[in-house]
Structure formats: C-alpha cells, structure tokens
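**Student:** Right, I'll just put the structure down here and ask away after.
The values are calculated or read from the model by the stated rules, or taken from the named source; none is laboratory data. Quantities reported herein were computed from a predicted structural model and do not represent experimental measurements. With ideal geometry, Cβ positions are generated from the backbone for all residues, glycine too; neighbour counts draw on all protein chains shown. Side chains are part of the model used for accessible areas, which takes the heavy atoms of the whole protein and leaves out ligands, DNA and RNA. Shrake-Rupley method; radii C 1.70, N 1.55, O 1.52, S 1.80 Å.
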Amino acid sequence: MKKFSGMLLSIIILFFTLSGPVTAKTTSLSDANALKIAGNASKHFWNALHGYKTRSCSQKTFNYKGTEYSYLCQEFNTKDKLTAYLAETFTNNAVEKGLTKYNYITHKGKLARPVGDGFSMLEWKKAKIKLAYQKQNVRSYNLTVPTVDGESVKRTVTFYKAGSAWKVNQFDAVQ
C-alpha cells in the first residue's frame with residue numbers, strides 16, 4: 001500500500017510540474033519556451049523602467065547632476081528588491097549591466113531612475129523564432145517580433161543556463 005500511495009503521489013506531483021506555466025526554470029529550451037521566457041523578460045524590463053510591477057504609486061521626482069530622476073515604487077525601492085525581481089528572468093551580469101546602462105541610482109536610501117516614458121510595443125506572443133546558435137548551456141535566437149502598429153522588429157536574444165534556469169543575458173534585448 002505504501003508503494004502504491006508513494007507512486008500515486010509522484011504521478012500527481014509530476015502532472016502538476018508538467019502542466020504548470022513555463023518559467024525561466026524550465027530545464028529544456030524549446031522555441032516555444034524561449035518565446036515565453038523572452039516575453040516574460042520583456043514584462044520584467046518594462047516594469048523595472050516604470051518603477052513598479054503591480055501598482056503604480058506617486059513617484060517623487062528630483063534633479064541629480066542635471067538629470068531628472070524619480071523614485072521607484074515601494075516594491076522596487078531598493079537595488080536588492082529590483083535585482084531579485086530582474087534575476088527571475090535575467091542573468092546577474094545582464095541585471096548589473098542594465099541597471100548601469102539605464103542609470104539607476106540610490107538616492108537618500110531609495111532606488112531611482114531617470115524620468116522617461118515608454119511601453120512595450122512588441123507582441124512577443126506573435127513572434128517568429130529561429131535558433132541561431134546552440135551549445136549545452138547557451139542558446140541564441142533570432143526573433144522577428146510584430147509591433148502593435150503592424151510593423152515588426154528583429155531581436156537577437158541569448159539565453160544562458162544556470163542550474164535548471166534559462167535566463168536572458170542582455171537586459172534590453174527584449175525591450
């Protein structure tokens with residue numbers, strides 16, 4: 001009886017594992033998985049630039065060295081919080097380079113970024129993908145991603161595997 005209940009429990013766990021959403025922790029990287037991870041990384045990218053994930057807040061602005069900055073909302077108000085969020089879909093190297101490139105700073109103990117607008121015009125779910133390069137722990141894809149205005153853009157997205165997690169290796173490759 002113990003063997004049967006153990007096997008049944010294993011089957012149930014396997015079913016829920018296989019039927020769950022694709023995340024960066026997917027062990028294989030098929031074209032479909034790569035598209036889903038890139039789309040998720042794009043959401044992370046834009047959430048980081050907007051300064052919040054789920055709820056907008058009043059983002060106080062200030063001038064620093066001739067540039068207008070605004071503080072990020074509570075959920076991203078420290079470098080550690082934003083880094084942890086971005087590390088869900090990006091490599092540590094991509095996160096560090098991205099925060100530097102986009103001029104994130106800590107000011108008066110809170111994380112801030114230069115004021116700007118923008119939103120994703122890319123429809124990742126409709127992208128066409130082609131494997132360009134493959135090694136055991138690296139995959140690079142060429143993507144043609146439609147935009148909301150009927151055009152399309154080309155992107156090259158490289159994924160690195162760390163443990164069982166595939167992560168995007170360039171912060172703005174999915175913008």
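**Student:** Under the condition of being over 30 Å from THR156 (Cα atoms) and hydrophobic (A, V, I, L, M, F, W, C), which residue from region 35-77 is surrounded by the most Cβ atoms within 10 Å (Cβ to Cβ)?
**Tutor:** It comes out as CYS73.
**Student:** Which members of region 97-130 meet the condition of being open to solvent by 30 Å² or more (accessible area, probe 1.4 Å), part of a strand (DSSP E or B) and either free of Cβ contacts under 8 Å to residues at least 12 places away in the same chain or touching a helix residue (DSSP H, G or I) at 6+ places or on another chain (Cβ under 7 Å) (or both)?
**Tutor:** The answer is THR106, ILE129.
**Student:** Suppose we filter region 59-77 for residues that are over 22 Å from the mean Cα position of the chain (by Cα) and either assigned to a helix (DSSP H, G or I) or in contact (Cβ under 8 Å) with a residue 60 or more places away in the chain (or both); how many remain?
**Tutor:** If we filter region 59-77 for residues that are over 22 Å from the mean Cα position of the chain (by Cα), which is where we start, we get 59-69.
Going one step further and asking which of them are either assigned to a helix (DSSP H, G or I) or in contact (Cβ under 8 Å) with a residue 60 or more places away in the chain (or both), we end up with none.
Qualifying residue count, region 59-77: 0.
**Student:** Select, from ALA94, ALA32, the only residue that is assigned to a helix (DSSP H, G or I), at pLDDT 90 or above and surrounded by 15 or more Cβ atoms within 10 Å (Cβ to Cβ). Before the answer, list the steps.
**Tutor:** Numbers: ALA32 fails: surrounded by 15 or more Cβ atoms within 10 Å (Cβ to Cβ).
Being assigned to a helix (DSSP H, G or I), at pLDDT 90 or above and surrounded by 15 or more Cβ atoms within 10 Å (Cβ to Cβ) holds for just one of ALA94, ALA32, which is ALA94.
**Student:** Does VAL115 satisfy the criteria of being over 18 Å from SER42 (Cα atoms) and modelled with pLDDT under 95? Reasoning before the result, please.
**Tutor:** Details: over 18 Å from SER42 (Cα atoms): yes; modelled with pLDDT under 95: yes.
In short, yes.
**Student:** Tell me yes or no: at least one residue of region 78-87 is at pLDDT below 95, outside any strand (DSSP E or B) and out of contact with any Ser or Thr (no Cβ under 7 Å at 6 or more places or on another chain).
**Tutor:** Initial filter on region 78-87 (at pLDDT below 95): none.
No: zero hits.
**Student:** Please list, ordered by first then second residue, the pairs with beta carbon atoms under 8 Å, 6 or more apart or interchain, first in region 35-53 and farther than 13 Å from PHE171 by Cα, second among the acidic types (Asp, Glu) and in a helix (DSSP H, G or I).
**Tutor:** TYR52/GLU75; LYS53/GLU75
**Student:** Quick check on THR26: is it surrounded by 13 or more Cβ atoms within 10 Å (Cβ to Cβ), modelled with pLDDT under 85, polar (S, T, N, Q) and in a loop (DSSP other than H, G, I, E, B)?
**Tutor:** Values: surrounded by 13 or more Cβ atoms within 10 Å (Cβ to Cβ): yes; modelled with pLDDT under 85: yes; polar (S, T, N, Q): yes; in a loop (DSSP other than H, G, I, E, B): yes.
When the stated conditions are applied, THR26 passes them.
**Student:** Kindly indicate the residue of region 152-175 that is part of a loop (DSSP other than H, G, I, E, B) and over 13 Å from ALA94 (Cβ atoms) and also least open to solvent (accessible area, probe 1.4 Å) among those meeting that condition. Even if it seems obvious, please write down each step before you answer.
**Tutor:** Initial filter on region 152-175 (part of a loop (DSSP other than H, G, I, E, B)): 163-164, 169-170, 175.
Right, trim to over 13 Å from ALA94 (Cβ atoms) and you get 163-164.
Working: GLY163: 69, SER164: 53 Å².
Among those that are part of a loop (DSSP other than H, G, I, E, B) and over 13 Å from ALA94 (Cβ atoms), it is SER164.
**Student:** Would you mention how many residues in region 52-97 are in contact with a strand residue (DSSP E or B) (Cβ under 7 Å, 6 or more places away or on another chain) and not aromatic (Phe, Trp, Tyr)?
**Tutor:** Start the filter on region 52-97 by keeping residues that are in contact with a strand residue (DSSP E or B) (Cβ under 7 Å, 6 or more places away or on another chain), which leaves 59-62, 64, 67-72, 76-79, 82, 89-91, 94.
So of that shortlist, the ones also not aromatic (Phe, Trp, Tyr) come out as 59-61, 67-68, 70, 72, 77-79, 82, 89, 91, 94.
Residues flagged as in contact with a strand residue (DSSP E or B) (Cβ under 7 Å, 6 or more places away or on another chain) and not aromatic (Phe, Trp, Tyr) within region 52-97 amount to 14.
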